[in-house]
Amino acid sequence: MRKVATNDLEPGMKIARKVENKAGMVLLPEGIELTEAHISRLKKWGIEEIYVEGEDEKGAGSGADIVPDLTVSEDFIANLNHKFEKVLDDPIMQGIYNAVKSIASGENKE
Amino acid sequence: MAVDQTKLKKIVDNIVGLPTLPTVLTNVTKMMQNPRVSAAQVGKVIQSDVALTSKILKLVNSAFYGFPNRISTVTHAIVILGFNAVRSTAMSVSVFDSFGGGGETEGFDRMAFWKHSIGCGAAARVLAKRLNIKELEEAFIAGLLHDIGLIILDQFVHEEFVKILKVVKEKDILIREAEKEVLDGVTHNDLGGWLGRKWNMAPALIEVIETYPTPSSASENYLLVSIVHVADILTRALNIGSGGDNRIPKINKSAWEKLGIDMAQLPSILQEIIDSAKKAEAFFSMVNR
(Lines give C-alpha, C1' and ligand atoms only; values in the text may rest on other atoms or scores of the structure.)
Protein backbone atom coordinates (compact mmCIF):
# COMPACT_ATOMS: atom_id res chain seq x y z
CA MET A 1 0.00 0.00 0.00
CA ARG A 2 1.25 3.48 -0.73
CA LYS A 3 -0.01 7.02 -0.39
CA VAL A 4 -0.43 8.91 -3.64
CA ALA A 5 -1.35 12.57 -4.12
CA THR A 6 -4.64 12.97 -5.99
CA ASN A 7 -2.84 14.88 -8.72
CA ASP A 8 -0.60 11.88 -9.36
CA LEU A 9 -3.38 9.28 -9.51
CA GLU A 10 -3.87 7.31 -12.68
CA PRO A 11 -6.82 5.31 -13.96
CA GLY A 12 -6.38 1.62 -13.19
CA MET A 13 -4.84 2.11 -9.74
CA LYS A 14 -6.64 0.14 -7.05
CA ILE A 15 -7.85 1.81 -3.86
CA ALA A 16 -6.19 0.15 -0.86
CA ARG A 17 -7.97 2.02 1.92
CA LYS A 18 -11.50 3.43 1.72
CA VAL A 19 -11.73 7.15 1.08
CA GLU A 20 -13.77 9.06 3.62
CA ASN A 21 -14.72 12.67 4.01
CA LYS A 22 -14.14 14.53 7.27
CA ALA A 23 -17.53 13.43 8.56
CA GLY A 24 -16.53 9.80 8.12
CA MET A 25 -18.79 9.18 5.15
CA VAL A 26 -17.34 6.72 2.66
CA LEU A 27 -16.76 8.38 -0.69
CA LEU A 28 -15.05 5.49 -2.43
CA PRO A 29 -14.78 1.95 -1.08
CA GLU A 30 -11.63 -0.11 -0.77
CA GLY A 31 -10.73 -2.39 -3.67
CA ILE A 32 -12.21 -0.56 -6.63
CA GLU A 33 -10.17 0.36 -9.67
CA LEU A 34 -9.90 4.09 -10.28
CA THR A 35 -11.37 5.64 -13.40
CA GLU A 36 -10.89 9.16 -14.76
CA ALA A 37 -14.30 10.00 -13.35
CA HIS A 38 -13.28 8.89 -9.85
CA ILE A 39 -10.12 10.96 -10.02
CA SER A 40 -11.89 14.12 -11.07
CA ARG A 41 -14.47 13.55 -8.33
CA LEU A 42 -11.71 13.17 -5.73
CA LYS A 43 -10.27 16.48 -6.87
CA LYS A 44 -13.66 18.13 -6.67
CA TRP A 45 -14.17 16.78 -3.15
CA GLY A 46 -10.84 18.28 -2.13
CA ILE A 47 -9.26 14.95 -1.18
CA GLU A 48 -5.52 15.56 -1.38
CA GLU A 49 -4.18 12.02 -1.20
CA ILE A 50 -5.39 8.43 -0.99
CA TYR A 51 -3.94 4.99 -0.43
CA VAL A 52 -3.59 2.73 -3.45
CA GLU A 53 -2.26 -0.78 -3.77
CA GLY A 54 1.34 -1.47 -4.66
CA GLU A 55 4.73 -0.78 -3.14
CA ASP A 56 6.22 2.59 -2.50
CA GLU A 57 8.54 3.79 -5.15
CA LYS A 58 12.11 4.20 -4.02
CA GLY A 59 12.64 7.53 -2.38
CA ALA A 60 8.93 8.24 -2.19
CA GLY A 61 9.69 9.59 1.25
CA SER A 62 7.12 7.80 3.37
CA GLY A 63 8.02 5.29 6.02
CA ALA A 64 7.00 2.39 3.83
CA ASP A 65 10.35 2.18 2.10
CA ILE A 66 12.30 0.56 4.89
CA VAL A 67 12.95 -2.47 2.74
CA PRO A 68 14.57 -1.94 -0.63
CA ASP A 69 12.97 -3.44 -3.66
CA LEU A 70 14.99 -6.60 -3.92
CA THR A 71 13.57 -7.91 -7.11
CA VAL A 72 14.27 -5.32 -9.72
CA SER A 73 17.68 -3.88 -9.69
CA GLU A 74 20.94 -5.10 -11.07
CA ASP A 75 22.38 -2.61 -8.64
CA PHE A 76 21.17 -4.74 -5.79
CA ILE A 77 23.06 -7.78 -7.05
CA ALA A 78 26.17 -5.73 -7.82
CA ASN A 79 26.09 -4.32 -4.31
CA LEU A 80 25.50 -7.77 -2.85
CA ASN A 81 28.53 -9.09 -4.69
CA HIS A 82 30.62 -6.23 -3.40
CA LYS A 83 29.51 -6.69 0.19
CA PHE A 84 30.25 -10.41 0.18
CA GLU A 85 33.44 -10.19 -1.87
CA LYS A 86 35.81 -10.95 1.00
CA VAL A 87 33.75 -13.49 2.93
CA LEU A 88 32.55 -15.96 0.31
CA ASP A 89 35.22 -18.48 1.27
CA ASP A 90 33.07 -19.14 4.34
CA PRO A 91 30.41 -21.79 3.64
CA ILE A 92 27.77 -20.17 5.86
CA MET A 93 28.30 -16.79 4.23
CA GLN A 94 28.00 -18.47 0.88
CA GLY A 95 24.70 -20.00 1.97
CA ILE A 96 23.41 -16.60 3.08
CA TYR A 97 24.57 -15.05 -0.17
CA ASN A 98 22.77 -17.69 -2.22
CA ALA A 99 19.59 -17.37 -0.19
CA VAL A 100 19.47 -13.59 -0.67
CA LYS A 101 20.15 -14.01 -4.36
CA SER A 102 17.35 -16.54 -4.73
CA ILE A 103 14.94 -14.14 -3.06
CA ALA A 104 16.11 -11.24 -5.20
CA SER A 105 15.56 -13.23 -8.36
CA GLY A 106 12.06 -14.09 -7.21
CA GLU A 107 12.64 -17.85 -6.92
CA ASN A 108 11.13 -17.85 -3.50
CA LYS A 109 7.92 -16.05 -4.45
CA GLU A 110 4.87 -18.18 -4.14
CA MET B 1 37.70 -8.58 24.79
CA ALA B 2 36.80 -5.86 27.18
CA VAL B 3 37.81 -2.45 26.03
CA ASP B 4 40.51 -0.53 27.78
CA GLN B 5 38.41 1.47 30.25
CA THR B 6 40.84 4.37 30.46
CA LYS B 7 40.64 4.86 26.70
CA LEU B 8 36.85 4.77 26.78
CA LYS B 9 36.81 7.14 29.72
CA LYS B 10 38.97 9.62 27.86
CA ILE B 11 36.33 9.77 25.14
CA VAL B 12 33.18 9.84 27.26
CA ASP B 13 34.59 12.44 29.66
CA ASN B 14 34.41 14.89 26.79
CA ILE B 15 30.77 14.15 26.06
CA VAL B 16 28.50 16.99 27.13
CA GLY B 17 24.77 17.37 26.83
CA LEU B 18 23.82 13.71 26.67
CA PRO B 19 20.02 13.47 27.03
CA THR B 20 18.90 11.84 30.24
CA LEU B 21 16.48 8.96 30.51
CA PRO B 22 12.92 10.22 31.09
CA THR B 23 11.96 10.06 34.77
CA VAL B 24 8.95 7.93 33.99
CA LEU B 25 11.17 5.14 32.69
CA THR B 26 13.43 5.29 35.73
CA ASN B 27 10.38 4.99 37.95
CA VAL B 28 8.95 2.12 35.94
CA THR B 29 12.22 0.22 36.11
CA LYS B 30 12.26 0.67 39.89
CA MET B 31 8.64 -0.45 40.21
CA MET B 32 9.26 -3.56 38.17
CA GLN B 33 11.86 -4.73 40.66
CA ASN B 34 8.94 -5.41 42.95
CA PRO B 35 7.47 -8.74 41.80
CA ARG B 36 4.08 -7.85 43.27
CA VAL B 37 3.59 -4.69 41.27
CA SER B 38 0.39 -4.68 39.19
CA ALA B 39 -0.18 -3.79 35.56
CA ALA B 40 -2.51 -1.02 36.69
CA GLN B 41 0.16 0.54 38.93
CA VAL B 42 2.79 0.58 36.19
CA GLY B 43 0.21 1.69 33.63
CA LYS B 44 -0.74 4.62 35.80
CA VAL B 45 2.85 5.83 36.09
CA ILE B 46 3.46 5.57 32.34
CA GLN B 47 0.15 7.24 31.57
CA SER B 48 1.24 10.29 33.56
CA ASP B 49 3.44 11.03 30.52
CA VAL B 50 0.89 11.83 27.84
CA ALA B 51 3.28 12.06 24.89
CA LEU B 52 5.02 8.80 25.78
CA THR B 53 1.67 7.08 26.25
CA SER B 54 0.30 8.10 22.88
CA LYS B 55 3.45 6.88 21.13
CA ILE B 56 3.44 3.55 22.97
CA LEU B 57 -0.19 3.03 22.00
CA LYS B 58 0.54 3.98 18.40
CA LEU B 59 3.27 1.33 18.24
CA VAL B 60 1.40 -1.49 19.97
CA ASN B 61 -1.59 -0.86 17.72
CA SER B 62 0.52 -0.82 14.55
CA ALA B 63 0.59 -3.52 11.89
CA PHE B 64 3.86 -4.78 13.38
CA TYR B 65 2.00 -6.46 16.23
CA GLY B 66 -1.16 -7.18 14.30
CA PHE B 67 -3.54 -7.41 17.25
CA PRO B 68 -7.12 -7.69 16.03
CA ASN B 69 -8.56 -5.32 18.62
CA ARG B 70 -7.45 -1.86 19.57
CA ILE B 71 -5.34 -1.56 22.71
CA SER B 72 -6.54 1.63 24.31
CA THR B 73 -4.62 1.97 27.57
CA VAL B 74 -1.08 1.24 28.72
CA THR B 75 -2.45 -1.06 31.40
CA HIS B 76 -4.22 -3.04 28.71
CA ALA B 77 -0.97 -3.19 26.72
CA ILE B 78 0.87 -4.54 29.78
CA VAL B 79 -1.76 -7.23 30.28
CA ILE B 80 -1.48 -8.34 26.65
CA LEU B 81 2.23 -7.88 25.94
CA GLY B 82 3.76 -8.11 29.41
CA PHE B 83 5.77 -5.71 31.56
CA ASN B 84 9.08 -6.16 29.79
CA ALA B 85 7.62 -5.66 26.34
CA VAL B 86 5.93 -2.41 27.32
CA ARG B 87 9.06 -1.18 29.06
CA SER B 88 11.05 -2.05 25.90
CA THR B 89 8.57 -0.12 23.79
CA ALA B 90 8.81 2.85 26.16
CA MET B 91 12.60 2.63 25.89
CA SER B 92 12.41 2.62 22.07
CA VAL B 93 10.19 5.69 22.13
CA SER B 94 12.58 7.48 24.49
CA VAL B 95 15.56 6.65 22.28
CA PHE B 96 13.71 7.95 19.22
CA ASP B 97 12.76 11.12 21.11
CA SER B 98 16.30 11.74 22.29
CA PHE B 99 18.33 10.58 19.29
CA GLY B 100 15.88 10.31 16.41
CA GLY B 101 16.23 13.74 14.85
CA GLY B 102 18.88 15.65 13.02
CA GLY B 103 22.01 14.14 11.61
CA GLU B 104 23.37 15.66 8.46
CA THR B 105 26.81 14.14 8.61
CA GLU B 106 28.21 13.47 5.18
CA GLY B 107 28.67 9.75 4.65
CA PHE B 108 26.31 8.79 7.45
CA ASP B 109 22.68 8.70 6.43
CA ARG B 110 20.57 8.78 9.59
CA MET B 111 17.48 7.47 7.84
CA ALA B 112 19.49 4.55 6.45
CA PHE B 113 20.84 3.98 9.96
CA TRP B 114 17.34 3.74 11.43
CA LYS B 115 16.20 1.47 8.61
CA HIS B 116 19.11 -0.84 9.38
CA SER B 117 18.26 -0.70 13.09
CA ILE B 118 14.55 -1.36 12.63
CA GLY B 119 15.30 -4.08 10.08
CA CYS B 120 17.71 -5.72 12.50
CA GLY B 121 15.09 -5.52 15.25
CA ALA B 122 12.52 -7.16 13.02
CA ALA B 123 15.05 -9.83 12.01
CA ALA B 124 15.98 -10.55 15.63
CA ARG B 125 12.30 -10.88 16.49
CA VAL B 126 11.72 -13.31 13.62
CA LEU B 127 14.70 -15.42 14.70
CA ALA B 128 13.62 -15.37 18.36
CA LYS B 129 10.12 -16.43 17.40
CA ARG B 130 11.46 -19.41 15.48
CA LEU B 131 13.36 -20.45 18.60
CA ASN B 132 10.15 -20.20 20.64
CA ILE B 133 11.62 -17.51 22.83
CA LYS B 134 8.94 -15.79 24.87
CA GLU B 135 10.58 -12.40 25.21
CA LEU B 136 10.10 -11.34 21.59
CA GLU B 137 10.11 -7.63 22.34
CA GLU B 138 13.43 -7.98 24.13
CA ALA B 139 14.84 -9.45 20.92
CA PHE B 140 13.30 -6.63 18.89
CA ILE B 141 14.71 -3.84 21.04
CA ALA B 142 18.11 -5.56 21.18
CA GLY B 143 18.21 -5.50 17.37
CA LEU B 144 16.80 -1.99 17.25
CA LEU B 145 19.44 -0.56 19.59
CA HIS B 146 22.43 -2.75 18.72
CA ASP B 147 24.20 0.10 16.90
CA ILE B 148 23.05 2.97 19.11
CA GLY B 149 26.72 3.75 19.81
CA LEU B 150 27.00 5.06 16.26
CA ILE B 151 24.54 7.82 17.12
CA ILE B 152 26.60 8.68 20.19
CA LEU B 153 29.67 8.90 17.97
CA ASP B 154 27.89 11.05 15.40
CA GLN B 155 26.31 13.38 17.92
CA PHE B 156 28.90 13.63 20.68
CA VAL B 157 32.25 12.49 19.30
CA HIS B 158 31.63 14.12 15.99
CA GLU B 159 35.13 15.12 14.90
CA GLU B 160 36.47 11.61 15.32
CA PHE B 161 33.36 10.19 13.71
CA VAL B 162 34.03 12.23 10.57
CA LYS B 163 37.55 10.75 10.53
CA ILE B 164 36.09 7.26 10.96
CA LEU B 165 33.75 7.75 8.02
CA LYS B 166 36.67 8.96 5.94
CA VAL B 167 38.61 5.79 6.72
CA VAL B 168 35.54 3.66 5.87
CA LYS B 169 35.26 5.42 2.55
CA GLU B 170 38.94 5.26 1.65
CA LYS B 171 39.60 1.69 2.70
CA ASP B 172 36.10 0.28 2.11
CA ILE B 173 36.15 -1.59 5.41
CA LEU B 174 33.71 -2.30 8.23
CA ILE B 175 32.99 0.78 10.34
CA ARG B 176 34.05 -1.12 13.47
CA GLU B 177 37.52 -1.62 12.01
CA ALA B 178 37.78 2.06 11.17
CA GLU B 179 36.67 2.99 14.70
CA LYS B 180 39.42 0.89 16.23
CA GLU B 181 41.94 2.66 14.05
CA VAL B 182 40.77 6.17 14.84
CA LEU B 183 39.73 5.68 18.48
CA ASP B 184 42.65 3.54 19.55
CA GLY B 185 40.67 0.32 19.95
CA VAL B 186 37.41 1.83 21.16
CA THR B 187 34.27 1.03 19.12
CA HIS B 188 30.63 2.06 18.85
CA ASN B 189 29.87 -1.05 20.87
CA ASP B 190 31.75 0.35 23.85
CA LEU B 191 30.02 3.71 23.54
CA GLY B 192 26.64 2.06 23.16
CA GLY B 193 27.29 0.03 26.30
CA TRP B 194 28.25 3.19 28.12
CA LEU B 195 24.95 4.80 27.11
CA GLY B 196 23.10 1.63 28.14
CA ARG B 197 24.50 1.91 31.66
CA LYS B 198 23.75 5.63 31.87
CA TRP B 199 20.21 4.89 30.76
CA ASN B 200 19.70 1.92 33.04
CA MET B 201 18.96 -0.41 30.16
CA ALA B 202 18.42 -4.08 30.93
CA PRO B 203 21.74 -5.94 31.44
CA ALA B 204 20.93 -8.29 28.55
CA LEU B 205 20.47 -5.33 26.23
CA ILE B 206 23.80 -3.84 27.30
CA GLU B 207 25.54 -7.16 26.69
CA VAL B 208 24.08 -7.37 23.19
CA ILE B 209 25.15 -3.82 22.34
CA GLU B 210 28.68 -4.48 23.57
CA THR B 211 29.30 -7.94 22.18
CA TYR B 212 27.10 -8.63 19.14
CA PRO B 213 30.02 -8.44 16.64
CA THR B 214 31.96 -10.98 18.72
CA PRO B 215 29.44 -13.35 20.31
CA SER B 216 32.19 -15.48 21.84
CA SER B 217 32.84 -12.65 24.29
CA ALA B 218 29.24 -12.73 25.53
CA SER B 219 28.46 -14.48 28.79
CA GLU B 220 25.01 -14.68 30.36
CA ASN B 221 23.04 -13.71 27.29
CA TYR B 222 24.83 -15.73 24.65
CA LEU B 223 21.64 -16.77 22.86
CA LEU B 224 20.30 -13.22 22.54
CA VAL B 225 23.73 -11.96 21.48
CA SER B 226 23.88 -14.72 18.84
CA ILE B 227 20.43 -13.78 17.58
CA VAL B 228 21.42 -10.14 17.09
CA HIS B 229 24.78 -11.15 15.60
CA VAL B 230 22.98 -13.17 12.93
CA ALA B 231 20.17 -10.61 12.56
CA ASP B 232 22.71 -7.87 11.85
CA ILE B 233 24.37 -9.93 9.13
CA LEU B 234 21.07 -10.91 7.51
CA THR B 235 19.89 -7.29 7.57
CA ARG B 236 23.12 -6.22 5.88
CA ALA B 237 22.75 -9.02 3.33
CA LEU B 238 19.21 -7.86 2.52
CA ASN B 239 20.49 -4.31 2.18
CA ILE B 240 17.91 -2.96 4.60
CA GLY B 241 19.34 0.46 5.43
CA SER B 242 22.96 0.86 6.40
CA GLY B 243 24.97 1.09 9.58
CA GLY B 244 27.64 3.29 8.05
CA ASP B 245 29.62 0.90 5.87
CA ASN B 246 29.05 -1.29 2.85
CA ARG B 247 30.70 -4.54 3.87
CA ILE B 248 29.50 -7.62 5.66
CA PRO B 249 31.39 -9.27 8.50
CA LYS B 250 32.05 -12.99 8.47
CA ILE B 251 29.54 -14.83 10.61
CA ASN B 252 30.51 -16.48 13.88
CA LYS B 253 30.06 -20.19 13.33
CA SER B 254 29.05 -21.11 16.89
CA ALA B 255 26.50 -18.29 17.03
CA TRP B 256 25.00 -19.42 13.73
CA GLU B 257 24.87 -23.02 14.87
CA LYS B 258 23.30 -21.99 18.16
CA LEU B 259 20.26 -20.79 16.20
CA GLY B 260 19.95 -24.12 14.38
CA ILE B 261 18.93 -22.62 11.06
CA ASP B 262 18.70 -25.08 8.21
CA MET B 263 20.20 -23.45 5.11
CA ALA B 264 17.29 -24.77 3.04
CA GLN B 265 14.90 -22.74 5.20
CA LEU B 266 16.88 -19.55 4.95
CA PRO B 267 15.06 -18.04 1.95
CA SER B 268 11.72 -18.33 3.72
CA ILE B 269 13.24 -16.87 6.91
CA LEU B 270 14.57 -13.95 4.88
CA GLN B 271 11.15 -13.44 3.34
CA GLU B 272 9.66 -13.40 6.83
CA ILE B 273 12.20 -10.78 7.87
CA ILE B 274 11.35 -8.62 4.86
CA ASP B 275 7.62 -8.84 5.61
CA SER B 276 8.17 -8.05 9.27
CA ALA B 277 10.45 -5.09 8.51
CA LYS B 278 7.82 -3.66 6.20
CA LYS B 279 5.27 -3.82 8.99
CA ALA B 280 7.62 -1.90 11.27
CA GLU B 281 6.77 1.32 9.46
CA ALA B 282 5.23 2.78 12.62
CA PHE B 283 8.64 2.72 14.29
CA PHE B 284 10.22 4.43 11.33
CA SER B 285 7.58 7.15 11.31
CA MET B 286 8.75 8.09 14.82
CA VAL B 287 12.20 9.03 13.61
CA ASN B 288 11.17 10.25 10.21
CA ARG B 289 10.86 13.94 10.85
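Tabulated data for the structure shown
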read-out: Förster radius 30 Å - calculated FRET efficiency between A:Glu20 and B:Ser38, Cβ distance, rounded to 0.05; value: 0.15
read-out: Taking chain B and dividing mean pair separation by its residue count, relative contact order in percent (alpha carbons under 8 Å, at least six apart); value: 23 percent
read-out: Accessible surface, per residue, of the protein assembly as shown when the full set of protein chains is kept, probe 1.4 Å, Å²; value: 48 Å²
read-out: Length-normalised contact order for the stretch B:1-87 - Cα pairs under 8 Å, 6+ apart - percent; value: 27 percent
read-out: Residue among B:Pro22, B:Pro249, B:Pro267 with the largest mean-square fluctuation in a Gaussian network model of chain B, springs linking Cα atoms under 10 Å; value: B:Pro267
read-out: Distance between the stretch B:239-289 and the stretch B:44-69 - C-alpha centres, whole angstrom; value: 25 Å
read-out: Selection from B:Cys120, B:Ala202, B:Val157, by position along the positive dipole direction of the stretch B:114-207 (Cβ); value: B:Cys120
read-out: FRET efficiency, B:Arg197 to B:Arg70 (Cβ-Cβ, R0 51 Å, nearest 0.05); value: 0.90
read-out: Simple label model, 7 Å out from Cα along Cβ direction - B:Lys180 to B:Val50, nm; value: 5.1 nm
read-out: By accessible area with a 1.4 Å probe, ligands and nucleic acids excluded, highest first: order of A:Leu42, B:Leu18; value: B:Leu18, A:Leu42
read-out: Estimated FRET transfer efficiency (A:Ala5, B:Asp275; beta-carbon r; R0 25 Å; 0.05); value: 0.40
read-out: Difference of contour (0.36 nm per residue) and Cα-Cα distance, B:Ile173 to B:Ala112; value: 20.2 nm
read-out: With every protein chain in place, the stretch B:1-158: carbon and sulfur % of accessible area (1.4 Å); value: 52 percent
read-out: Per DSSP, loop GluC sites (Glu not before Pro) in the stretch A:1-49 with at most 16 further Cβ within 10 Å; value: A:Glu30, A:Glu48
read-out: Distance between the stretch B:187-229 and the stretch B:144-179 - C-alpha centres, whole angstrom; value: 18 Å
read-out: Sparsely packed GluC sites (Glu not before Pro) within the stretch B:158-247, loop by DSSP, other Cβ within 10 Å at most 12; value: B:Glu220
read-out: Within chain B, helix-based [θ] at 222 nm, where runs of 4 or more DSSP H residues each add -39,500 (n - 2.57), nearest 500; value: -20000 deg cm²/dmol
read-out: Relative contact order, percent, the stretch B:88-234 [alpha-carbon distance under 8 Å, six or more residues apart]; value: 24 percent
read-out: Mean projection area, nm², convex hull over Cα of the protein assembly as shown; value: 21.3 nm²
read-out: For the protein assembly as shown, with +1 on Lys and Arg beta carbons and -1 on Asp and Glu, the positive-most of B:Tyr222, B:Ile240, B:Trp256 along the dipole; value: B:Tyr222
read-out: Loop sites in the stretch B:45-151: trypsin sites (Lys or Arg not before Pro), DSSP, at most 15 other Cβ within 10 Å; value: B:Arg70, B:Lys134
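The values are calculated or read from the model by the stated rules, or taken from the named source; none is laboratory data. Just so it is clear, the structure is predicted and the values come from calculations on it, not from any experiment. Quick reminder, even Gly has a Cβ in these numbers, built from the backbone with ideal geometry, and neighbours come from all protein chains shown. The accessibility values were calculated without ligands, DNA or RNA, using every heavy atom of the protein model including side chains. Shrake-Rupley method; radii C 1.70, N 1.55, O 1.52, S 1.80 Å.
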